[in-house]
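Single-structure report; data block below.
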Amino acid sequence: MLSSVLVLVGVFCIVLAGLLAFYAPGKALKTPLNLNIKQIATGPAKILNSSTGQVEDTQLIATRRVRTDSSASDSSVTVIQETLCIVKNVGNPPECVDKDDPQARLVSFTTDRVAADRKSAESVNDSKYGENINGAGAKHIGLTYKFPFNAKKQTYKFFDPQSQQSPDAKYLGTDKLLGMSLYKYEAVISNVSLDVGPGIPGTYSDTRTVWVDPKTGTIVKGIEHQVRTLTSGLTALDTTLTFDAASQKYQADFAKNGKRKILLLTVILPIVAFVLGLLALVFGLLLAFRSRPESGRPVQTGEPDRSPEPVGRH
């Protein structure tokens, strides 16, 4: 009886190991549907004061909120709603202020809604997901807020919401950061025609450098250098913003937790299930073999020998 149970358990575990090895990657290598991330970037800036006509030096704080719209997402596509508020670091500002702030600390406030494939991280253009930038219809191309799982040392299209272009994010090398080996990519936009303010024409340049955990596609660190110039050549904005230390640590921990889950589902559990199944199967078969009577040996019943004596024996 025990041998039969062990054999059944062994077969079950081995089959389970195969199923995990086959199906687990498809489940583990998917963007989760419960993102609620706050990222802060800070840095120096030169900003044109429209009242004085002078370019002033200041410090900026950019707060980005990235949330999943779970009701609009599905098994293959995640819908992300992002807000980005950039303020001058004056008088201990809150996360965001409105345009009527008495200290005129608001630099910009933008929103971005994008749908992306949960595996490849590529943008998905389908009207049912309601993608838009600042409430107006837009078409996202390429990657947006993360890179694909198992990112490669290659060039990717990396969408920029400000210009609505998708420059090449070129692989530059591998760097060590926060105990992780991260792929470094850089995407450059140079002097495209773009309003630098409401109804104010000018040019726009942007260089985004990101450090990505290749296993999960998580952007652990980002630096963005953005320049906006009036048609006269006067600088309207020149700033370099970098993820602060807390945001980098949060992103690194997020990536490490993701890697642990992937390792557990795709490697550890299949191996454990296979080893346990193999052991159970072997012991079950050994018990079954040992419980069988040896061939050629008479079976002892415990009854006395009642066979008649040979004739002529007295």
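Treat every Asp and Glu Cβ in region 31-243 as -1 and every Lys and Arg Cβ as +1, leave all other atoms uncharged, and give the resulting dipole magnitude about the Cα centre to the nearest 20 debye.
Dipole about the Cα centre, nearest 20: 660 debye.
Given the options Pro44, Pro167, Pro201, state which has the largest fluctuation in a GNM of the chain using a 10 Å cut-off (strictly under) for Cα springs. Of Pro44, Pro167, Pro201, the most mobile in the Gaussian network model is Pro201.
With respect to the cross-link table entries Lys221/Lys256; Lys170/Lys261; Lys99/Lys128; Lys146/Lys249, which display a Cα-Cα separation exceeding 25 Å? Pairs exceeding 25 Å: Lys170/Lys261; Lys99/Lys128. Given springs between every Cα pair under 10 Å in a Gaussian network model of the chain, which of Gln162, Gln103, Gln39 has the largest fluctuation? Per the Cα network of the chain with a 10 Å cutoff, Gln103 tops the list. Structure remark: mean-square fluctuation, Gaussian network model of the chain, C-alpha springs under 10 Å; the largest value among Glu224, Glu82, Glu56 belongs to Glu56. Binning all Cα-Cα separations of region 31-243 at 10 Å, short to long from zero, yields these whole-percent fractions: 8, 32, 37, 19, 4, 0. For region 140-181, the set of trypsin sites (Lys or Arg not before Pro) satisfying both a DSSP loop assignment and a count of at most 14 other C-beta atoms within 10 Å is given as Lys152, Lys153. The residues neighbouring Tyr156, those whose beta-carbon lies less than 15 Å from its own, together hold a net charge of +2 under the Lys/Arg +1, Asp/Glu -1 convention.
Distance between the pseudo-spin-label points of Ile271 and Leu8 (7 Å out from Cα toward the beta carbon): 3.0 nm. Helices that extend 30 Å or more along their long axis by alpha-carbon positions and average at least -1.0 on the Kyte-Doolittle scale are, among the DSSP H runs of the chain, 2-28, 269-290.
Values quoted throughout were computed directly from the atomic coordinates according to the rules given, and no laboratory measurement underlies them. Only a predicted model underlies this, so the values are computations on that prediction, with no experimental measurement involved. Here the Cβ is made from the backbone with ideal geometry for all residues, glycine too, and neighbour counts use every protein chain on show.
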